[in-house]
Amino acid sequence: MDAIISFFTFLQGLGVSVMMPIIITIIGCCLGAGFGKSLKAGLMVGVGFIGLNLVINQLFGTSIGPAVQEMIHRFGLQLSTIDVGWPAGAAIALGTTVGLVIIPLALIVNLILVLANLTQTVNVDIWNYWHYAFVGSLVANITGNITFGFAAAIIDETILLVLADATAKDCQKALNMPGVSISQGFSLAYAPVAWILNWVIDHIPGVRDIDIDVE
């Protein structure tokens, strides 16, 4: 484990814009996409990170920063936190120690769960593996134990894959796309809440008979 972390730490030192293209290229070659396509995909991810960082730095450092400072001054506000949204969260998560290993680790865990018939979902949306990395990084930071962080990331992935199976039929019906499921945390997090609310509404006389649809 120490050797693996040391290797990925070296990649992390190169920066996320260099690290992710290397990882994506290697994974693409391993999955049979060919070196050319894999390299192209990796470079596109790297360029995306560079663009994301440029936008965030320009947006908050040059454009919004002065406006926020003026607003704080005029209204006497005490603000110390900026909501930078999911793009920055993804960049941060994939740049952590857990994020360095999360792509091959999550792929292996997903494959094991499929072979063990514990899930029917294969999460090919590699970019959104940052959800697992984010959860794992939080746990690792809070506990000070990287092993707990990896365990939390795997548990998070497993729960989301199970929820993806449970919501697959509804997703396929709503999207009119057979054979698909949604397995990302920021979407599936609402599924248990929706189930509970649906159960409550179905048990309220009168309300449960109201027919409302998008049209």
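The values are calculated or read from the model by the stated rules, or taken from the named source; none is laboratory data. Only a predicted model underlies this, so the values are computations on that prediction, with no experimental measurement involved. Every residue, glycine among them, receives a Cβ derived from its backbone with ideal geometry; neighbour counts consider all protein chains shown.
What the table below lists for this structure:
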{"quantity": "Residue in the stretch 96-117 that is free of Cβ contacts under 8 Å to residues at least 24 places away in the same chain, part of a helix (DSSP H, G or I), among the hydrophobic types (A, V, I, L, M, F, W, C) and loosely packed, with under 11 Cβ neighbours inside 10 Å present", "calculated": "yes"}
{"quantity": "Selection count, the stretch 69-87, where residues are surrounded by 11 or more Cβ atoms within 10 Å (Cβ to Cβ) and modelled with pLDDT of 75 or more", "calculated": "4"}
{"quantity": "Residue check, SER187 in a loop (DSSP other than H, G, I, E, B) and surrounded by 10 or more Cβ atoms within 10 Å (Cβ to Cβ)", "calculated": "no"}
{"quantity": "Candidate set: the stretch 23-42, residues that are of a type in the set (Gly, Ala, Ser) and loosely packed, with under 13 Cβ neighbours inside 10 Å; chosen: the one modelled with the lowest pLDDT", "calculated": "GLY32"}
{"quantity": "Considering residues of the stretch 190-215 that are under 22 Å from the mean Cα position of the chain (by Cα) and surrounded by 10 or more Cβ atoms within 10 Å (Cβ to Cβ) only, the residue farthest from VAL135 (Cα to Cα)", "calculated": "ALA194"}
{"quantity": "Verdict on GLY179 being closer than 22 Å to TRP86 by Cα and either among the small types (Gly, Ala, Ser) or outside any helix (DSSP H, G or I) (or both)", "calculated": "no"}
{"quantity": "Set SER17, SER6: member being surrounded by 12 or more Cβ atoms within 10 Å (Cβ to Cβ), hydroxyl-bearing (Ser, Thr, Tyr) and either at pLDDT 75 or above or within 20 Å of GLY99 (Cα to Cα) (or both)", "calculated": "SER17"}
{"quantity": "Tally of residues being buried (at least 16 other Cβ atoms within 10 Å of the Cβ) and modelled with pLDDT under 90 across the stretch 118-127", "calculated": "2"}
